[in-house]
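The values are calculated or read from the model by the stated rules, or taken from the named source; none is laboratory data. All values reported here derive from a predicted model rather than from experimental measurement. FYI the Cβ positions are ideal-geometry reconstructions off the backbone, even for glycines, and counts take in every protein chain you see.
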Amino acid sequence: MQNLGPAYYTDPKVYEQERRAVFWNSWQLLGPASLVDSPGDYLATEIAGAKVFAIRDHLGALRAFRNVCRHRGARLLPEGTGRCKKIRCPYHGWVYDLAGVLQRTPWFGNDPDFDRHNWPLGEIGLEVWRGLLFVSVHESQTLDVQLGDVIGELAAEPIETYTLTDQRHLVFDANWKIYTDNFVEGYHIPGIHPEFFAAVDYQYFETTVHNNMVRMTAPLRKDLFYRGKWLWMWPNWTLSFFDGGMNTSRINPLGHGRTELLYHFYFADASDAGAALREEVITRNMAVIEEDFEVCCETQKNYASGGYTPGVLSAHHERGVYWFQEKLKEVIDRV
Ligand code: FES
Ligand SMILES: [Fe+2]
């Protein structure tokens, strides 16, 4: 098993293939559906540079659209969450209702050929699975098919009963696949995460590959905020358990050499009394996540320097890396 060639991480042409074949052609986790609970609530974000938003309409239905005005392409809603009665384009003031129908075009003037009903917002796929909201710019397969083995993996976990309490946003200068390669192996734990290493029985750290999912488990030796199970799902989301909670993340590329992580922290106990405990879990978890950034960014530079030819992967620890890389090659070769 050989590592992926460095050009996959540094070539802007590969990134353009990935945007189309991976990110705009798969279901992307945006967060809990509770973020868009009431009519007019929206959540706007980018998926590998494609602006999208999910919104709850007047009748209570959830929909998702391109965050792109049909007139001359302006962004309609700022990234983040909010609530609106109508969707008003900031550029020339076109107004859409919450179902994406163009309602008004102030000052446009008379044009007998123009019928506002022909210019609704571009709707995209939206599904809610166990309280989690997913959207898909193009739908090439159902969400269930993409989720694969994580459906069974989480069947006994009460994930929809947890409450989102905190979010974190992190940006670093490395290709999204360098971070993913790193996430799906525990081989680097002794070198990069000494405290984590001390807290688990590393000789029993296990990585297994499933349908669109990599599972890592380890017995805990001493008190660790993690529960000893970490999941990564194709193409770019993760879920890790704590006692009484979990986090999820979306690994979103900002370019071929820059990546953001959108973390959501969920807990069973969302009370004020539990705030200090939650804060401690989040702080310790963020520290582990940030420990990975330096090695990812320096590896990115080495890949870009011409100084690296693909090395060999550990059959014991890096099966997840190999599976992810093979799947990626297969998917982008299709475009
Ligand atoms: S671009 Fe939206 S109204 Fe002109
Ligand atoms: Fe790590």
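Data overview
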| read-out | value |
| --- | --- |
| ALA174, sole failed condition from (1) out of contact with any Cys (no Cβ under 7 Å at 6 or more places or on another chain); (2) part of a loop (DSSP other than H, G, I, E, B) | (1) |
| Residues of segment 283-310 classified as more than 21 Å from HIS193 (Cβ to Cβ) and outside any helix (DSSP H, G or I), total | 6 |
| Residue within segment 92-104 that is surrounded by fewer than 17 Cβ atoms within 10 Å (Cβ to Cβ), modelled with pLDDT of 95 or more and under 30 Å from GLY244 (Cα atoms) present | no |
| Any hit, segment 1-18, residues being more than 18 Å from the chain's Cα centre (by Cα), among the aliphatic types (A, V, I, L, M), closer than 30 Å to LYS301 by Cβ and modelled with pLDDT under 95 | yes |
| 2 or more residues among the aliphatic types (A, V, I, L, M) and over 26 Å from ASN247 (Cβ atoms): qualifying strands (runs of 3 or more DSSP E) within segment 1-57 | none |
| Top-ranked residue in segment 182-227 [being over 21 Å from the mean Cα position of the chain (by Cα) and of a type in the set (Lys, Arg); ranked as surrounded by the most Cβ atoms within 10 Å (Cβ to Cβ)] | ARG227 |
| Segment 59-91 - residue that is over 20 Å from VAL135 (Cβ atoms) and touching a Gly at 6+ places or on another chain (Cβ under 9 Å) and, of those, nearest to ligand 1 (Cβ to nearest atom) | TYR91 |
| Options ILE189, ILE124, ILE159, ILE151; residue that is more than 16 Å from ligand 1 (Cβ to nearest atom) and under 30 Å from THR105 (Cα atoms) | ILE124 |
| Selected residue (criterion: nearest to ligand 1 (Cβ to nearest atom)) from residues of segment 192-215 that are under 22 Å from TYR322 (Cβ atoms) and in contact with a Leu (Cβ under 8 Å, 6 or more places away or on another chain) | ASN212 |
| Any hit, segment 256-267, residues being of a type in the set (Val, Ile, Thr), at pLDDT 95 or above and crowded, with 17+ Cβ neighbours inside 10 Å | yes |
| Selection count where residues are in contact with a helix residue (DSSP H, G or I) (Cβ under 8 Å, 6 or more places away or on another chain), surrounded by 12 or more Cβ atoms within 10 Å (Cβ to Cβ) and in a loop (DSSP other than H, G, I, E, B), scope segment 311-335 | 2 |
| Filter result for PRO235 (part of a loop (DSSP other than H, G, I, E, B) and either buried (at least 21 other Cβ atoms within 10 Å of the Cβ) or within 12 Å of ligand 2 (Cβ to nearest atom) (or both)) | yes |
| Filter result for the condition that a residue is basic (Lys, Arg), away from ligand 2 (no atom under 16 Å from the Cβ) and within 13 Å of GLU123 (Cα to Cα), over ARG63, ARG104 | ARG63 |
